[in-house]
Structure formats: C-alpha cells, structure tokens
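Here's the structure, in structure tokens; my notes come after.
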Amino acid sequence: MDPGKSGSLIYHPITPTQPSLNTWLMSVAAIWSSQNKISQNYTDLIDDVRKTNPVHLNVFGDLVVMDYKNVKKIFADSENFQNFDFKERFKVVSAIANNDPALLEFGESLRHWLLFMNGEAHAEHRKMVNRKFYEANYEAITMDAIQEVISEYQDREEADLVEITRKFSFLIISKIIGLKSEDYDFIQKFSYVITLIFEKTLNVKDLLECAHMSRQFRSYLGETLSRQEKALTNSLLLEMQEVMGSHRVNDLIGTWEFLVNAATETTTLLLTRSIATLIEHRNKAINWNAHDGCAIAVEELIRYVSPVNWIPRQVKEDMEFAGLQLKKGKTVLLGIASANRDPDIFQNPETFIPTRKPNPHIGFGFGIHHCMGARLSRFEMQKFLPRFMAAFPNIRLHPDKPGEWDSKVFFRGHKRLPVLLK
C-alpha cells in the first residue's frame, strides 16, 4: 500500500520457473481482475495458478499463498505474520492528500478493529467483545428477521437476491444493537464502501472515501448511543459501553465499525452465493430437518462459496518462508477461496457435496483471528436457508435478467442477482 505504488497491495508476480511464462503471467494478472467473465470462471483460474505456483512473490516482494497447507500455516503463526497497522501508513498518505484529518482519524479507528489487533491487546479485547456479543437472544432475533424477509417477498414474482440477503443481514445487526429501520440505506452504503480497504488497489481517492465514510459512521453511532441513553434503551451498545467505560468510547465505536461491516457484507455475500448454489444444485437432496444434515450442508456451502477470497497479513520481521526471502512490513496475501478448493485436502473440490465429511475448510479463517462471528453466521444459515428455500420452492435465476458481479476482488460477489420467486 505504498503511496509511490498507487496504493497497491498486490499486483504482479516475479518471473516463475515454469516454462509457460506468458500463460502464467496472464493467469496471475487475471486473479485481481473484477471483470464479469473472470468472476464467473474464478474457481478455474485460481485452481490453475495454485497448481502452477502456489507460493510466489510479486514484483514488490509481497507473498501470495494459495495452497491449503501454507495458508493455514501462516494463519496459525500470528507471531511472524501479523495484522496491518494502518496508522503509520495513513500518516504518509495523509500528507499526500493535503493532510486530510479524516485519514488520520480513520487510521486511529482501525486500531480498534479486532481484525487489525495483535498479541495481548487482541486477546483481551476479543474476549470481552465475544462475551457480550453472544449474550443476545439470537434465536428470537434470527427467527423474527427470517419472518420479516419472507413476508416482504412472498407475494412478489421476482426480486434481486442481493437485496433480499442485504435486508436480512441488516435486520440481524439492527436487532442486535438497536438500530432504526430508516438507517438501512446508510448502513448498507457504509458497509460497502469501508471494505474497499481490503481491495487489490487502495489509492488515495478510495482511501479518502473510506475515511470520510468512517467519520460519518462514528458520528452516527455516537448519536445512536446518545439516543439510546436518553430513551433508557436496554441495548448491547450501552452494555458494552458500560463494561468498557465511557473513556473508551472510541474503542467501542471502532469495534462496531468493524462488526457492522463484517455482519453486513460477509453475510450478504455468503447467503447470496449459497442460495445461488442451492438453485444450481437443486437436484442434490439436503435433509434440512435433521440437525446433522443441515449443519454438514452449511459447512459445505461455506467451503464452496468462501465468501472472503483473500485475507492480508504483514511480515513482522525479515524472514524466510518456503525458500523465499520476506522483508519486514511486506504484504502476505492468503487465498482462502483457493485453499478451500485444494485437491490435496478436499476430494473433488470443485463439486458441491452437501454430505461432505470431514470438511476442514478455513472459510472463516484459522488461529487467533478466526472469525468472531462464525458461530452466529452458521446459526443464521442453518435457520434461514431451509425456511427461505421452503417458502420459495420454485426460486430460480431470472432467465432474461443476468446477474452482475461487483467490482471487488477480496469480497468477490454479485452486485445484483435477479431471481424469479414463483
């Protein structure tokens, strides 16, 4: 993400040792393309690169890792491969952007995201957040959200599947922390924009957009806290503020900046592509009524879909990995979607097998930074998918309105996906 490289996180590989140089270079370059054609054939593309050179350096010395064994190895090594510290980098970018104060504020806010914490600070904060986060009545919250979504669409002939899953994800997070229904548009815009920080390029313009969106969110959440305090609302936001102390309100807001984003974007992506997978494979029977059958099918959907394609890490000190010399502070890109299709681990990895067991996928990461919301996400899928598919047994992709893939690469998913409901 050095400013002199147009904000690049990742780009071109070093010269490979394989003879098919041009083909390999083209394949590696295409990994970071957001074109619809690339997205539609993405699993074939990453399979080709993983077979050719699963661990390689790009021209900036950043490490790209695509096989299951090494992706999991790096996930497990939080000592040598840590999360990003954006604050120092933002100081440099802020100077280029005429010292925009929003960038420095955003860099400070990211320090409170669990995703970017390391060591004891991460362990302590995660323990507290995790304990409070799972105190909510998720059975009631999820069932209410499911009923609201089904009721809204049950009389419609067609809809956008992305819109449906976005509304469901918003209902869940809004019920957890007491947001208002009219906040929907803002939360969706915030969640979408903020994930740009993970993308293959992060130029000053994109970073400024993220920073100003972050500033709006902090103001919004501060107002929400004040409203709930005045109304004596019994909300998770207020409970966490009481536990953390009012002097740590920035920690609280940074925490929820991350959690709201993750709960919205990841859930939308995972559910949209899961339903699309079930439509495509409707000939494969799933016993949704049996707990084991339902849970096993959900795990396979998480593996097959892999909602987050890539996760970045940062090299703590100069070191060697897989025979490659890594410099301190350089980016490491872990290909989760690729690892979850590694034939060394998964038999027939390109096939959706709803009875697959065992299924050691790493769709929610691995190690100390394993997704905090994984348990909730699994619960939501196990409750939502059987009921949604039962409510719309004839759901199918719209034959006259093709879906459109979004421009994001780390969070590769649909921008819209029209379906017929009847």
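The values are calculated or read from the model by the stated rules, or taken from the named source; none is laboratory data. None of these values were measured; they are calculated from a predicted model. Heads up, the Cβs are rebuilt from the backbone with ideal geometry, glycines too, and the neighbour counts pull from every protein chain shown. Accessible surface is based on the protein model in full, side chains and every heavy atom, while ligands, DNA and RNA are left aside. Shrake-Rupley method; radii C 1.70, N 1.55, O 1.52, S 1.80 Å.
With respect to being exposed (fewer than 14 other Cβ atoms within 10 Å of the Cβ) and under 17 Å from THR268 (Cβ atoms), LYS175 falls outside the description. In summary, ARG303 fulfils each of the numbered conditions (1) in contact with a Phe, Trp or Tyr (Cβ under 8 Å, 6 or more places away or on another chain); (2) open to solvent by 10 Å² or more (accessible area, probe 1.4 Å) with the single exception of condition (2).
Filter the range 354-406 down to the residues that are among the hydroxyl-bearing types (Ser, Thr, Tyr) and farther than 21 Å from PHE258 by Cα and list them by number. Scanning the range 354-406 gives a single hit, THR355. For MET319, indicate whether it is closer than 15 Å to ALA297 by Cα, in contact (Cβ under 8 Å) with a residue 40 or more places away in the chain and of a type in the set (A, V, I, L, M). In short, no.
Determine, yes or no, whether ASP155 is closer than 30 Å to ASP400 by Cα and either in a helix (DSSP H, G or I) or free of Cβ contacts under 8 Å to residues at least 24 places away in the same chain (or both). So ASP155 passes the test. Filtered by the rule that a residue be open to solvent by 60 Å² or more (accessible area, probe 1.4 Å) and part of a loop (DSSP other than H, G, I, E, B), the range 100-143 gives ARG111, GLU135, ASN137.
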